[in-house]
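K.L.:
Quick one: this structure, given as C-alpha cells, is what I'll be asking you about.
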Amino acid sequence: MIGKPAILALIVLLAAASTSLVAQTVTSGLRGSIPLNEEGQAAPIAPLRNSAERETRNYPEQPPVIPHTTEGYQIDMNGNKCLSCHARARTGESQAPMVSITHFMDRDGQFLASVSPRRFFCTECHVSQSMVTPPVSNDFIDIDSMLSRAAPGGRR
C-alpha cells in the first residue's frame, strides 16, 4: 500500500512533468514550430482533383479513389448522389464505372437487388483526391514492383 507522502511526491512529480511538456515546441513534422499547448493556424483547404482518369490502385482490395469533387453531394439515409451516375441502371448514359458487385452483397454473402445498406455510404471508403505535396515523405512500394524485384531476372 502506498502512503500519503508517496502519493504527494507522485502528484508533484506529475505536475512538474506536465509543465515541462506544455512548454516544449516541436521543430519538425506537421505542426511546424507551434508549441504543444497552442493551436496553430489551420492549413488552407487544398483544391480537389477533377479528372476523368482513374488512379492506379496500390494493393489488392484497395477502394478506388474518386477522381472528381464530391462537394455538395448528398450521401445520407435519404439519398446517395453517387448512385445517380454509378448505379447499374445509370452507367450506360453516364459512362461512369458501375458500383462493384461486392456492394450488392449483405453480410452473409447473399446478393441483393440494390446496393447493400452497409455499402451505401460511399465516402466511408472512397475519397476524393487533393492536389497537394505530401507533408511527409513516403517510400511505399506497390506489390507489382516488389514482386518484379524478387522474381528471378527481375530488377534489383
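K.L.:
Can you tell me which residue among 46, 89, 52 is modelled with pLDDT of 90 or more, out of contact with any Leu (no Cβ under 6 Å at 6 or more places or on another chain), in a loop (DSSP other than H, G, I, E, B) and aliphatic (A, V, I, L, M)?
P.N.:
It is 89.
K.L.:
Right, here's the next one. Does residue 8 count as surrounded by 10 or more Cβ atoms within 10 Å (Cβ to Cβ), of a type outside the set (S, T, N, Q), outside any helix (DSSP H, G or I) and at pLDDT below 85? Talk me through it step by step, then tell me what you get.
P.N.:
On the way: surrounded by 10 or more Cβ atoms within 10 Å (Cβ to Cβ): yes; of a type outside the set (S, T, N, Q): yes; outside any helix (DSSP H, G or I): no; at pLDDT below 85: yes.
Taking the combined requirement at face value, the residue does not satisfy it.
K.L.:
To continue, here is another question. Determine whether residue 83 is in contact with a helix residue (DSSP H, G or I) (Cβ under 6 Å, 6 or more places away or on another chain), surrounded by 12 or more Cβ atoms within 10 Å (Cβ to Cβ) and at pLDDT 90 or above.
P.N.:
Details: in contact with a helix residue (DSSP H, G or I) (Cβ under 6 Å, 6 or more places away or on another chain): no; surrounded by 12 or more Cβ atoms within 10 Å (Cβ to Cβ): yes; at pLDDT 90 or above: yes.
Against the criterion (in contact with a helix residue (DSSP H, G or I) (Cβ under 6 Å, 6 or more places away or on another chain), surrounded by 12 or more Cβ atoms within 10 Å (Cβ to Cβ) and at pLDDT 90 or above), residue 83 does not qualify.
K.L.:
Quick check on the stretch 124-136. Is at least one of its residues within 30 Å of residue 45 (Cβ to Cβ), in a loop (DSSP other than H, G, I, E, B), in contact (Cβ under 8 Å) with a residue 24 or more places away in the chain and in contact with an Asp or Glu (Cβ under 8 Å, 6 or more places away or on another chain)?
P.N.:
So in the stretch 124-136, the residues within 30 Å of residue 45 (Cβ to Cβ) come out as 124-136.
Then keep just the ones that are in a loop (DSSP other than H, G, I, E, B); that gives 125-127, 129, 131-136.
Adding the requirement that they be in contact (Cβ under 8 Å) with a residue 24 or more places away in the chain leaves 125-127, 129, 131-132, 135-136.
The next check asks that each one be in contact with an Asp or Glu (Cβ under 8 Å, 6 or more places away or on another chain); those that pass are 129.
Yes - at least one qualifying residue is present in the stretch 124-136.
K.L.:
Still on this structure, please answer the following. Residue check: is residue 91 closer than 30 Å to residue 43 by Cα and surrounded by 10 or more Cβ atoms within 10 Å (Cβ to Cβ)? Even if it seems obvious, please write down each step before you answer.
P.N.:
Working: closer than 30 Å to residue 43 by Cα: no; surrounded by 10 or more Cβ atoms within 10 Å (Cβ to Cβ): yes.
No, not satisfied.
K.L.:
Hey, among 127, 115, which residue is touching a Leu at 6+ places or on another chain (Cβ under 9 Å) and surrounded by 12 or more Cβ atoms within 10 Å (Cβ to Cβ)? Steps first, please.
P.N.:
Values: 127 fails: touching a Leu at 6+ places or on another chain (Cβ under 9 Å).
It is 115.
K.L.:
Restricting attention to the stretch 79-123, report how many residues are free of Cβ contacts under 8 Å to residues at least 12 places away in the same chain and within 22 Å of the chain's Cα centre (by Cα).
P.N.:
3
K.L.:
May I ask you to verify whether residue 125 is at negative phi and touching a strand residue (DSSP E or B) at 6+ places or on another chain (Cβ under 9 Å)?
P.N.:
On the way: at negative phi: yes; touching a strand residue (DSSP E or B) at 6+ places or on another chain (Cβ under 9 Å): no.
So residue 125 does not fit the description; no.
The values are calculated or read from the model by the stated rules, or taken from the named source; none is laboratory data. Owing to the predicted nature of the structure, the values given are computational and were not obtained by experimental measurement. Positions of Cβ are generated from backbone atoms using ideal geometry, with glycine treated the same way; all protein chains shown enter the neighbour counts.
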